[in-house]
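The values are calculated or read from the model by the stated rules, or taken from the named source; none is laboratory data. This structure is a prediction, so every number in the text was calculated from the model and none was measured. Cβ placement follows ideal geometry from the backbone for every residue including glycine, while neighbour counts extend to all protein chains displayed.
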Amino acid sequence: MLLHHQFIRMARRHRSRMAIVDRVTNRRLTYGRALVASLLLSERMRSFDEGFVGIMLPNSAPSILAIVATLLSGRIPVLINFSTGAAQNVQYAQQKCGFRTVLTARVLLEKLKCPAMPGMVFMEDVAQSVSFVSKLRGALRASRSAEHLLDRVAGGMPDDTAVMLFTSGSESEPKAVPLSHNNIVANIRGVSQYWPYSEQDIVLANLPYFHVFGLTLNLWLPLYYGMTIVPFANPLDFKGVCEAVREERVVYVGGTPSFLSGYLEASQPGDFSSVRMVLTGGDKCPEMLRQGYRRKHNLELHEGYGTTETSPIISVNVPGASKPGSGGRPLPNVAVRIEDFDTGDDCPVGKTGKILVSGPCVMSGYFDDLEQTSLSLRKGWYDTGDMGWMDEEGYLWLAGRLKRFVKIHGEMVSLVRVEDVLRKCLPEDVACCVVELPDALRGAQIIAAVTHPVDERAVLQAMAKELTNLQLPRRFVIVQALDRLGSGKVDIRAVTNRVRAVLVGESS
């Protein structure tokens, strides 16, 4: 199954159904009109170099059409993160994947204060270049049968690359991840066996498409089933998102805990009355956030777990099968193995080890990075780099990134565990992040980055009820804010650098 071919089938089957409701550009496109627009754009894109085409656009009707049209033209979209260092990320993607053309918009560059760069093609110019005659021809072409259209757009095989994404880079340099049509379709089908999706559903597309969570669940899943997408360019416009959910009668909402926290605070009772499912992932979901949605909107937050390399969902909690705090149960077409860190054997129920994943949603390997591929893919299993354990009912519980475990006096300490306890012991208005810095005597020291001054002694005394002395932070450092990635996840590298800068300043 090719994703762009499935879009054509849905567009011909549901010509009059609303496909895209873009409140920012004030465009409402039926599936019939979306098909015409994507075919026209794909014709324009045939003049681009073959192979990869960069796309740097916020969630919108143009970005949806651009991604679909790229595949229709026989090219592969490379989705570029513009939320942090747009110009740098464009150059990095071009160099890593060896392409020139980047489809973007002048209005976006102005907002980002990003200069125009070699290879950029602007959507404003592309739209103006389409003549009235071309539009008529496009409409006539789109009126043909699905079979006729499928024979005249780019084909391919299910294992061909459908998109190039980049890992978040929260702990190291971003890695290029090629996901195939089969990877994404397998994830959609696996998720669909747990969730009762309907063609009539309306999906809020607030998660950026350069993030795999947004790409699969906010773009391809609704297009795969012929649903309506409500793209929202700025997920941090909390009030605007809540208005969109209320006025467009959105059924599905997803987001990281930081996004969902903002929506909760900005919303009014009744704003989420149409919502049937709220999925959260990317970071640990605080219990206070769950309680907030229960009280204000009578909604349960369902936590899931996934990675870019797995397209993304590995496991998920769903209505009727949920354990709050866990990552849920693996999808039916996904196998999860917990491997002992020291022996490589399978861990028994309840024991923490490395999380390994196998299934059709797993990538074939990192792009042009044989070394990292060989480290991450072993004997048919993908090593997520995360630690966790399975309970007796098959629910997956996360203990944090392996890189977020530190060895202090020979004991392995989970920074995520320390962070969870710290968060419970802080006032509600104080955000925190726990980081590691070297220590000559102990091997490592735990530092708590907090956004406001706190009573450190009282906080440590409260934490000591759940943690050992080795697990307690050695220092509290006040930072102005916790840096975040475009997905809403905390940027661990950036926060660590902030902490290091504060400590260096104190010692100078």
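With respect to being outside any helix (DSSP H, G or I), charged (D, E, K, R), modelled with pLDDT of 95 or more and outside the structural domain of Asp483 (by TED's automatic domain parsing), Arg9 falls outside the description.
A Cβ distance below 7 Å, combined with a sequence gap of six or more or placement on separate chains, defines the contacts here; from region 104-119, residues that are more than 15 Å from Ala233 (Cα to Cα) reach residues that are part of a helix (DSSP H, G or I) and of a type in the set (A, V, I, L, M, F, W, C) in the pairs Cys114/Ala86; Cys114/Ala87; Pro115/Ala87; Ala116/Leu109; Met117/Ala87; Met117/Val90. Scanning region 253-293 for residues that are among the β-branched types (Val, Ile, Thr) and closer than 18 Å to Leu215 by Cα gives Val253, Thr256, Val278, Thr280. Going through (1) in contact with a helix residue (DSSP H, G or I) (Cβ under 9 Å, 6 or more places away or on another chain); (2) of a type outside the set (A, V, I, L, M); (3) in contact (Cβ under 8 Å) with a residue 60 or more places away in the chain one by one, Ser261 falls short only on (3). Per the conditions (1) in contact with a helix residue (DSSP H, G or I) (Cβ under 9 Å, 6 or more places away or on another chain); (2) part of a helix (DSSP H, G or I); (3) not aliphatic (A, V, I, L, M), the sole criterion not satisfied by Glu173 is (2).
Can you tell me how many residues within region 342-364 are more than 15 Å from Lys379 (Cβ to Cβ), among the hydrophobic types (A, V, I, L, M, F, W, C) and in contact with a helix residue (DSSP H, G or I) (Cβ under 8 Å, 6 or more places away or on another chain)? Number of matching residues: 2. Within region 399-415, no residue that is in the same structural domain as Gln445 (by TED's automatic domain parsing) sits with its Cβ atom under 6 Å from a residue that is exposed (fewer than 15 other Cβ atoms within 10 Å of the Cβ) and aromatic (Phe, Trp, Tyr) at 6+ positions apart or across chains.
Remark: pairs (first residue in region 152-173, within 22 Å of Ala142 (Cα to Cα); second residue at pLDDT below 95 and not hydroxyl-bearing (Ser, Thr, Tyr); Cβ separation under 6 Å; 6+ apart in sequence or on different chains) are absent. Kindly establish whether Met363 is surrounded by 18 or more Cβ atoms within 10 Å (Cβ to Cβ) and not polar (S, T, N, Q). Against the criterion (surrounded by 18 or more Cβ atoms within 10 Å (Cβ to Cβ) and not polar (S, T, N, Q)), Met363 qualifies. Scan region 218-266 residue by residue and report those that are of a type in the set (Gly, Ala, Ser) and part of a helix (DSSP H, G or I). Passing the criteria: Gly240, Ala244, Ser258, Ser261, Gly262, Ala266. Between Gly304, Gly292, the distinction of being over 30 Å from Met412 (Cβ atoms) and surrounded by 15 or more Cβ atoms within 10 Å (Cβ to Cβ) belongs to Gly292 only. Among the helices (runs of 4 or more DSSP H) confined to region 407-508, the ones with at least 3 residues that are touching a helix residue (DSSP H, G or I) at 6+ places or on another chain (Cβ under 6 Å) are located at 415-425, 456-463.
Under the condition of being surrounded by fewer than 11 Cβ atoms within 10 Å (Cβ to Cβ), touching a residue at least 40 places away in the same chain (Cβ under 8 Å) and over 19 Å from Pro62 (Cβ atoms), the residues counted in region 129-151 number 1. The strands (runs of 3 or more DSSP E) found wholly in region 285-366 and carrying at least 3 residues that are out of contact with any Phe, Trp or Tyr (no Cβ under 7 Å at 6 or more places or on another chain) occupy 301-306, 335-339.
Count of region 17-49 residues, restricted to those that are modelled with pLDDT of 95 or more and either outside any helix (DSSP H, G or I) or in contact with a Cys (Cβ under 9 Å, 6 or more places away or on another chain) (or both), is 9.
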